[in-house]
Amino acid sequence: MSFFKPLVFFSLFIALLTAAKAQLPEDFDLNSPLPVDPDVRVGELANGLRYYIRENSEPENRVSLRLVVNAGSLQEEDDQRGIAHFLEHMAFNGTKHFEKQELVNFLESIGMRFGQHLNASTSFDQTIYKLEVPWDDEEVKDKAFLILEDWADAISLDPFEIEAERGVIVEEWRSGQGASQRIRDQQYPLVYFNSRYAKRLPIGSMFVVQNAPAERFVDFYEKWYRPDLMAVIAVGDFDGDEMERQIISRFSRLENPEDAPERLNYEVPDHDQTLSSIISDPEITSMSAVVYLKLDKDGDETATDYRRHLIERIYFSLLNRRLGERTLEATPPYISASVGSTGLGREKRAYVMSANLMQGKVEEGLQYLAAEVARASETGFSEGELSRVTADMIRRMDRAYEERENTPSSVFAAEYTRAFTVDEPIPGIALERDMTRAFLTGLDVDEVNEVGEAFRNHHNRVILFTAPEAEGYDLPSEEELLAIFEEGWTKDLGEYVDDVSDEPLLKEIPEPGDIVAEIYHEDVDVYDWTLSNGARVIVKPTSFKNDQVLMSAYSEGGYSMVADDEYVPAMTATMLLGEAGIGPFSTIQLEKKLAGKAVRLSPGIGSNTETLGGSSSPQDLEEFFKLVYLQITQPNEADLPKAYESIKNRLSEVVANRSKSPGAVFQDAIEEAFYGDHPRHQPLDLDRLDEMDARLSLEIFKDRFQNAGDFVFVFVGSIELDSFREQVKTYLASLPTRDKEPEKARDLGDRPKSGRLSVDIKKGLEEKTSARVYFNGEAEWSPEERYALAFARGLLNIRMREVLREDNGGVYGVSVFGALGRLPAGSYSTGFGFTCDPGNAETLVRLGLMEILSLQENGPRAENVQKVKELHIREHERGVKDNGFWLRNLLGMSAEGRDFSEILSFEEMVRSFDPLAARDAARKYFDMNNLLVAYLRPEYAE
């Protein structure tokens, strides 16, 4: 559907033709279907099964496989609601070639993780099975194909296994119950008004899940799992010809059932009136309003369609920047607000306006939201605004093109999934970049301004309003809500002021320092420099990404260096200074100054360290270094008072109703059980917000960051060393320093209480219990001990999933966590947790504890030892070709004083690891005499 005025559209279309022809091939037809990327092979078998094949070596020796079924919960009959999703679970519980759990066991034995590398999902319209496997072993290849084949037509659907899985499905449903679900269930009938979508949520009916006979599963499987509704997607490090031969030979045998029903697309019908929903709930903590303006889904087959979608994205980006600027005011009208677009099934889409509102400011917040949209439609955006957004969009597309050889296979697999299910074009990044450049170069701002006209449409409109069920929250009536929006459309905000600065990013280039000591670690290709101001810089040039440089810096100290009564100013320091801006620039001005630049930088202060984290394109490194220099030396003090008022106003609204959230109350009770009334372990509430102090936050920030001699900077990525050296000298070696001797975090002695502790909280309306078991204590930190604990955690993850989920059907998922801490003193924190039926909580906790005791007493099972070893080796194999992996490891090893060469010997260490060390770690770090067992039960529980 087009909202362009006819004459304007005609003149702009002529301009489009002129600009596009200047940058696209002469014979490029803007109104013909976009071509398929030449690097992807698309075919269709005689039985209707489609396939997509692409050779891709990121990551090496790995393949992403998908079986996509173009059927989901919409295809269920009334007595099958939930079976499409249930069936997806059954694909992992027995097939022709893999008996129950054999499939998961096989994948884990080759170093893959259930959930990450083996998974599936069901939605309204489709079911997607995902498999990522190593491609360096013939047996693995054959089994991978067998898995896809079995999913297509040989899921066992054993009645016994269906019975066993019913409990797991119920627990998945239970884990999603809460305030968000209650509100969703009331709002979906309006968003999907008079549509099948509102009656076919994929999780389904628990009555059906618990009672449907096995025959109804078989009926759904045989009716909808058929080749004319399927696609096989293969992307990875393989020979494309061989992959195509395998797909043809293995899947051509599939047959469509006789008299197969037509696969229908279900509509979301139009409605003339505005539909509204005004809901309060005792467990939500803030107010919000969302407006849907439903539209017919536009085509996206041609270059003209592609251009239209680009213009929509530009419009939303422009408007969101204006809406975001409002939140930075000293007294903002709302906490946050945004506009965008979303799909509503396959035939409809919607423009969406949303705002998180403040108590007492419902009218003001909603009026400002509507008024900003109206102002954009009436007076439009400026050429300056447009040029910045288009520069950012073109730059993002250029970066994607630069990384075309480094795009993960899973990204391509997801793209081809959409090509199959919703006919999304797949022209390839080269053509997308060319189209983006052609269409955005010289784009007329008047055409972008026209997009907002759709927001004035009352036809097909839905307004959703939610608020806490609490004193002081008066719900507007439907008439009042509509009147507020109507008044907002006419509210005069005046002319938009584009707050830009012509100042250079850095007025004076600092006098360079020097590199006074150098070490080259040849085995890992890492440079280790000491600067004249005492800072240490670790550099690893890589070729993993063409357009990426990552940086992380740290110094010991953090909150530990401030007094207890300065804790809140320390905790909020980087939040305040980050919003105030840097140098002479406000946050708004800085964002505009950096338009078209791929740079990101954020400071942080934690319990024991202060950090800087960021990234840059190689071509923007000069600007990035200037940002680092400014962030440390010139925090924006002038805009700090406004940032303080704005953040405090927004935080006050966020924390005011924190006690209504069952999860927050539960976590606060656990913290209190461990630390009592210790001032550093109290929740951030309205009283604590009064301890905020902008001046003190600034002093703490300067104290923590303006001592370069205390910092280690780590850079990893596409780095040209000669120019990089000069930038380090200029912008890092020139940073101020007080003391070249590194500071040490202070040990404040705030240890969790020891012994056997318990927490039992009754909060929440839903019939579910959250159980958490924690083990805490002192430990002697070492890399060997840390790995032994990680290994023990891996073993327990496997066993607890098998026992609590597969054997007992008592949980949907169980999380086993654990880590050794080094600062300020050696410590450990481990445990496990899950959500379950209130009546099963104690039993399941006992089963979890028994698995820990079994590991402590009997040691690990040999097959699980091998699974964990293979998983760690495969993860490391992939990690050593990733910039983020090197950044984390070099940063950690430098802090721990370890030799970087240990990275290369990791596989050898894993293969020689003695599994009894994991048993010993379980004994040390899951101490049954030093644990806390916590339950969050429903309010009605006796």
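Residue check: is Phe217 over 22 Å from Phe86 (Cα atoms), within 35 Å of the chain's Cα centre (by Cα), assigned by TED's automatic domain parsing to the domain that holds Glu165 and aromatic (Phe, Trp, Tyr)?
Answer is no for this residue.
For segment 433-459, what are the residues that are at pLDDT below 95 and either polar (S, T, N, Q) or not assigned by TED's automatic domain parsing to the domain that holds Arg388 (or both)?
Within segment 433-459, Thr441, Asn449, Asn457 meet the criteria.
Residue by residue through segment 24-61, note down the ones that are out of contact with any Leu (no Cβ under 8 Å at 6 or more places or on another chain), part of a strand (DSSP E or B) and under 30 Å from Phe124 (Cα atoms).
Pro33, Arg41, Val42, Gly43, Glu44, Arg50, Tyr52, Ile53, Arg54, listed by residue number.
Considering only residues that are under 12 Å from His97 (Cβ atoms) and either modelled with pLDDT under 95 or of a type in the set (D, E, K, R) (or both), which ones fall in segment 133-152?
Of everything in segment 133-152, those that are under 12 Å from His97 (Cβ atoms) and either modelled with pLDDT under 95 or of a type in the set (D, E, K, R) (or both) turn out to be Asp142, Lys143, Glu149, Asp150.
To keep it simple, each residue is scored yes or no on (1) buried (at least 22 other Cβ atoms within 10 Å of the Cβ); (2) in contact with a Pro (Cβ under 6 Å, 6 or more places away or on another chain); (3) in the same structural domain as Leu916 (by TED's automatic domain parsing); (4) at pLDDT 95 or above.
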position	(1), (2), (3), (4)
Lys702	no, no, no, yes
Val728	yes, no, no, yes
Lys740	no, no, no, no
Gly764	yes, yes, yes, yes
Lys768	yes, no, yes, yes
Ala771	yes, no, yes, yes
Gly777	no, no, yes, yes
Glu780	no, no, yes, yes
Leu789	yes, no, yes, yes
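Which residue out of Leu757, Leu748, Leu696 is buried (at least 18 other Cβ atoms within 10 Å of the Cβ) and over 33 Å from the mean Cα position of the chain (by Cα)?
Residue meeting the stated conditions: Leu696.
Collect the residues in segment 41-81 that are acidic (Asp, Glu), in contact with a strand residue (DSSP E or B) (Cβ under 6 Å, 6 or more places away or on another chain) and crowded, with 20+ Cβ neighbours inside 10 Å, keeping them in residue-number order.
none
Take Tyr188 and decide whether it is aromatic (Phe, Trp, Tyr), touching a helix residue (DSSP H, G or I) at 6+ places or on another chain (Cβ under 7 Å), modelled with pLDDT of 95 or more and closer than 30 Å to Glu138 by Cα.
No.
Take Asn797 and decide whether it is more than 30 Å from Met561 (Cβ to Cβ), without any contact (Cβ under 8 Å) to a residue 24 or more places away in the chain and not assigned by TED's automatic domain parsing to the domain that holds Ile203.
Yes: the conditions hold for Asn797.
List the pairs whose first member sits in segment 920-941 and is among the acidic types (Asp, Glu), whose second member is not in a strand (DSSP E or B), and whose Cβ atoms are under 8 Å apart, counting only residues at least 6 apart or on separate chains?
Asp920/Ala788; Glu939/Lys763; Glu939/Gly764; Glu939/Leu765
Conditions (1) in a strand (DSSP E or B); (2) under 28 Å from the mean Cα position of the chain (by Cα); (3) closer than 22 Å to Glu741 by Cβ, marked per residue:
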| position | (1), (2), (3) |
| --- | --- |
| Trp529 | yes, no, yes |
| Asn533 | no, no, yes |
| Ser560 | no, no, yes |
| Met575 | no, yes, no |
| Gly578 | no, yes, no |
| Leu590 | no, yes, no |
| Pro603 | yes, yes, no |
| Ser607 | no, yes, yes |
| Thr611 | yes, yes, yes |
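Please identify the pairs in which a residue from segment 134-154 that is farther than 23 Å from Ala84 by Cβ has its Cβ atom under 7 Å from the Cβ atom of a residue that is among the basic types (Lys, Arg), counting only partners at least 6 apart or on another chain.
Pro134/Arg62; Pro134/Arg874; Trp135/Arg62; Trp135/Lys141; Phe145/Arg250
Restricting attention to segment 714-721, does a residue exist that is of a type outside the set (Val, Ile, Thr), assigned to a loop (DSSP other than H, G, I, E, B) and surrounded by 15 or more Cβ atoms within 10 Å (Cβ to Cβ)?
Checked segment 714-721: at least one residue is of a type outside the set (Val, Ile, Thr), assigned to a loop (DSSP other than H, G, I, E, B) and surrounded by 15 or more Cβ atoms within 10 Å (Cβ to Cβ).
Results for (1) more than 30 Å from Arg174 (Cβ to Cβ); (2) β-branched (Val, Ile, Thr); (3) surrounded by fewer than 17 Cβ atoms within 10 Å (Cβ to Cβ); (4) over 31 Å from the mean Cα position of the chain (by Cα), shown as yes or no for each residue.
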| site | (1), (2), (3), (4) |
| --- | --- |
| Phe832 | no, no, no, no |
| Thr835 | no, yes, no, no |
| Asn840 | no, no, no, yes |
| Arg846 | no, no, yes, yes |
| Glu857 | yes, no, yes, yes |
| Lys867 | no, no, no, no |
| His872 | yes, no, no, no |
| Glu877 | yes, no, no, no |
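Pairs, please: C-beta under 8 Å, at least 6 apart or cross-chain, first residue assigned to a loop (DSSP other than H, G, I, E, B) and in segment 162-191, second at pLDDT 95 or above?
Pairs found: Gly176/Ile203; Gln177/Glu766; Gln177/Glu767; Gln177/Lys768; Gly178/Glu283; Gly178/Pro662; Gly178/Gly764; Gly178/Glu766.
Please verify whether Asn265 is at pLDDT below 95, within 35 Å of the chain's Cα centre (by Cα) and not basic (Lys, Arg), treating the condition exactly as stated.
Judged against the criteria, Asn265 is a match.
Going by what's in this entry, would Glu508 be described as touching a residue at least 12 places away in the same chain (Cβ under 8 Å), more than 34 Å from the chain's Cα centre (by Cα) and not assigned by TED's automatic domain parsing to the domain that holds Asp710?
Considered against the rule, which asks whether it is touching a residue at least 12 places away in the same chain (Cβ under 8 Å), more than 34 Å from the chain's Cα centre (by Cα) and not assigned by TED's automatic domain parsing to the domain that holds Asp710, Glu508 comes out as no.
Starting from residues that are under 23 Å from Arg322 (Cβ atoms) and exposed (fewer than 14 other Cβ atoms within 10 Å of the Cβ), keep the ones in segment 463-490 and report whichever is farthest from the chain's Cα centre (by Cα).
Thr490
Looking for something of a type in the set (Phe, Trp, Tyr) and crowded, with 20+ Cβ neighbours inside 10 Å - is there at least one such residue anywhere in segment 413-434?
Yes, some residue in segment 413-434 is of a type in the set (Phe, Trp, Tyr) and crowded, with 20+ Cβ neighbours inside 10 Å.
Determine which member of the set Asp620, Asp690, Asp703 is under 30 Å from Asp525 (Cα atoms) and among the charged types (D, E, K, R).
Criteria check complete, one pass: Asp620.
Is it true that some residue in segment 462-481 is part of a strand (DSSP E or B) and polar (S, T, N, Q)?
Yes, segment 462-481 contains at least one residue that is part of a strand (DSSP E or B) and polar (S, T, N, Q).
Output the residues belonging to segment 786-813 that are within 26 Å of the chain's Cα centre (by Cα) and under 16 Å from Phe92 (Cβ atoms).
Ile798, Arg801, Arg805, Val811, Tyr812, Gly813
Taking segment 808-830 only, how many residues are assigned to a loop (DSSP other than H, G, I, E, B), of a type in the set (A, V, I, L, M), crowded, with 21+ Cβ neighbours inside 10 Å and in contact (Cβ under 8 Å) with a residue 60 or more places away in the chain?
Of the residues in that region, 1 qualify.
Return yes when Val208 is under 33 Å from the mean Cα position of the chain (by Cα), closer than 28 Å to Glu415 by Cβ and surrounded by 15 or more Cβ atoms within 10 Å (Cβ to Cβ) and no when it is not.
no
The values are calculated or read from the model by the stated rules, or taken from the named source; none is laboratory data. Nothing here was measured: the structure is a model prediction, and the numbers come from that model. Ideal geometry is used to build each Cβ from the backbone, glycine not excepted, and the neighbour counts take in all protein chains shown.
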